[in-house]
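*Asks:* One structure coming up, written as structure tokens, with questions to follow.
Just so you know, all these numbers are worked out from the coordinates, no wet-lab data involved. Every value quoted in this text rests on a predicted model; they were computed, and no experiment measured them. Neighbour counts run over all protein chains shown; Cβ positions are idealised from the backbone, glycine included.
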Amino acid sequence: MNRDGTRKSIWQEEIKRFPSDGDLNQLFDVVIVGGGITGISTAVRLQLSGKKCVILEASNIGFGTTGGTSAHLNDFFDTTYAQAIKDFGLQNAKLLKYVGIEAKNIIKNNIHEFNIDCDFENKTAYLFALDEKQEKQLNDIVEGASQVGHQMIFTNDIPFPIPFKRAAVIPDQGQFHPIKYIKGLAEAFIDKGGIIEEDCLCESHDEQEDFVTLKTSKGTVRAKKVVYATHIPPGVNILHFTVAPYRSYVIAFSLKGNNYPKDLGYDLTDPYHYYRIQNINGEDLLIAGGEDHKTGHADDTGECFSKLENYVRQYFDVDTTMYSLVKPVLRTC
Ligand SMILES: Cc1cc2nc3c(=O)[nH]c(=O)nc-3n(C[C@H](O)[C@H](O)[C@H](O)COP(=O)(O)OP(=O)(O)OC[C@H]3O[C@@H](n4cnc5c(N)ncnc54)[C@H](O)[C@@H]3O)c2cc1C
């Protein structure tokens, strides 16, 4: 099994196994636990800065949420700028905007620096309100974005066959193939002398004065510093009280008549639906997601897929359901 779950991810065919041939007995500068986009991005930068690093991954690179993402590259978030201003003030909401832009730039720069072929494309995104309640939400979202200087412009057209009341266009967003991207980063990391150890579950850590000892399923590993890139770090900590795991569902469809919307799309239902396309083996596919819920709060997760599929079939001329995936994701509670 290359990923968790029984369903096949659209990205799965690109997952690569890394040989286990590094020396785990040395004292590392940094151990990075978790081989998703967070862990690998961190590891590459540390290794390039001259640190001796190892990534310990419980299963395989891309096994976690990164292998189940829909991989839109946005500089706007589920938490709207209006909400961020309300909760954290205008200056901090502006910082959030810069962080979003910076995150996209880091990915673009990595693609360029390490020459990674990962289907990256600049895209325009559309937020659309389906009823009056959503229209009010959209107005608030656009107003919040304008306060932090983020470009969202009302538009009369959307490239999706979905009836809407109001819509906004957001230029300069992106999309990529997440597994091709992290595979390229992982190869660059190894090229620079980094070590990847897969099938290596990190069970606990013990902090001594000068170093940390990690107990893993492959023995002990020692390092001066540890980065947990595993969502919430293990043990009981404050994050457990502020975030909760959610599930989101994604299905890839082939459409009749080649009528694929070329852009990124999001409605404002609660939970919202999200759309993009991806070319896999020469064939365009529509990736649609939604039906999010708190993990454990749906009795029949198969039904969530059915609901998503039925919803998409209302608007798109679906030919075949090709891939489906479900992954947990953390949200503030
Ligand atoms: C359906 C869905 C759609 C999404 N769409 C988008 C999107 O369009 N755009 C966007 O920006 N974000 C999106 N996200 C969120 C995004 O995918 C995640 O934020 C991101 O992939 C998290 O990456 P990560 O490296 O932090 O975690 P992961 O990819 O989950 O990596 C963590 C890794 O740690 C490993 N691990 C865990 N515990 C241990 C341990 N004890 N020892 C060793 N290894 C361990 C796991 O096996 C895993 O491989 C989406 C999420 C979902 C679920």
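*Asks:* I want to check a number: in the stretch 1-132, how many lysine pairs have alpha carbons closer than 24 Å, given a sequence separation of 8 or more or different chains?
*Replies:* Eligible lysine pairs with Cα atoms under 24 Å apart amount to 13.
*Asks:* Residues of the stretch 294-315 with the amide nitrogen closer than 16 Å to a label point 7 Å from the Cα of residue 232, along Cα-to-Cβ, please.
*Replies:* 294-297, by backbone N distance to the label point.
*Asks:* Additional query: Which whole DSSP H helices in the chain pass both tests: a Cα extent of 15 Å or more along the axis and a mean Kyte-Doolittle value no lower than 0.0?
*Replies:* In the chain, the long hydrophobic H runs are 37-48, 178-191.
*Asks:* Starting from the Cα of residue 218, draw a straight line to each of the aspartates and glutamates and keep only those under 20 Å, dropping any in the same chain fewer than 8 residues away.
*Replies:* 21, 23, 29, 57, 197, 198, 199, 203, 206, 207
*Asks:* Still on this structure: Tell me which lysines have Cα within less than 16 Å of residue 133's Cα, excluding those fewer than 8 residues away on the same chain?
*Replies:* Within reach: 165.
*Asks:* Only four residue types carry charge here, +1 at the Cβ of Lys and Arg and -1 at the Cβ of Asp and Glu. Report the dipole size of the stretch 228-314 about the Cα centre in Debye, rounded to the nearest 20.
*Replies:* Computed about the Cα centre, the dipole is about 160 debye.
*Asks:* Roughly what would the spin-label model give for residue 146 and residue 270, points 7 Å off Cα along C-beta, in nm?
*Replies:* Placing both labels 7 Å along Cα→Cβ, they lie 2.4 nm apart.
*Asks:* Between residue 320 and residue 203, what FRET efficiency comes out of the Förster formula 1/(1 + (r/R0)^6) with R0 = 45 Å and r the beta carbon distance, rounded to 0.05?
*Replies:* Efficiency at R0 = 45 Å is approximately 0.60.
*Asks:* Kirkwood hydrodynamic radius of the chain from all distinct Cα pairs, in Å?
*Replies:* For the chain, the Kirkwood estimate is 21.3 Å.
*Asks:* What ranking, highest mean first, results for peptides 299-305, 36-42, 95-101 when packing means the other Cβ atoms within 10 Å averaged over each residue?
*Replies:* 36-42, 95-101, 299-305
*Asks:* Another question, if that's okay. For the stretch 76-221, what D do you get in µm² per second when you plug the Kirkwood radius from alpha-carbon pairs into Stokes-Einstein at 4 °C and 1.567 mPa s?
*Replies:* Answer from the Stokes-Einstein relation: 69 µm²/s.
*Asks:* Taking the Cα centre of the stretch 145-278 as the origin, how large is its charge dipole in debye, to the nearest 20, when only Lys and Arg (+1) and Asp and Glu (-1) carry charge on their Cβ atoms?
*Replies:* In debye, rounded to 20, the stretch 145-278 gives about 460.
*Asks:* Take the alpha carbon atoms of the stretch 228-333, find their radius of gyration, then divide it by 2.2 N^0.38 Å using N residues; give the quotient.
*Replies:* Taking N as the residue count of the stretch 228-333, the ratio is 1.24.
*Asks:* If you consider only alpha-carbon coordinates, what radius of gyration and Dmax does the stretch 39-117 have, in Å?
*Replies:* Taking only Cα atoms of the stretch 39-117, I get Rg and Dmax of 15.8, 42 Å.
*Asks:* What does the net charge come to around residue 272 if you take all other residues with beta carbon closer than 9 Å to its beta carbon, with K and R at +1 and D and E at -1?
*Replies:* Values: positive: none; negative: 78, 267, 270, 292.
Charge balance in the 9 Å sphere: -4.
*Asks:* Can you give the extra length, in nm with one decimal, that the chain gains between residue 211 and residue 259 once fully stretched, where that is 0.36 nm per residue apart less the Cα-Cα distance?
*Replies:* 11.6 nm
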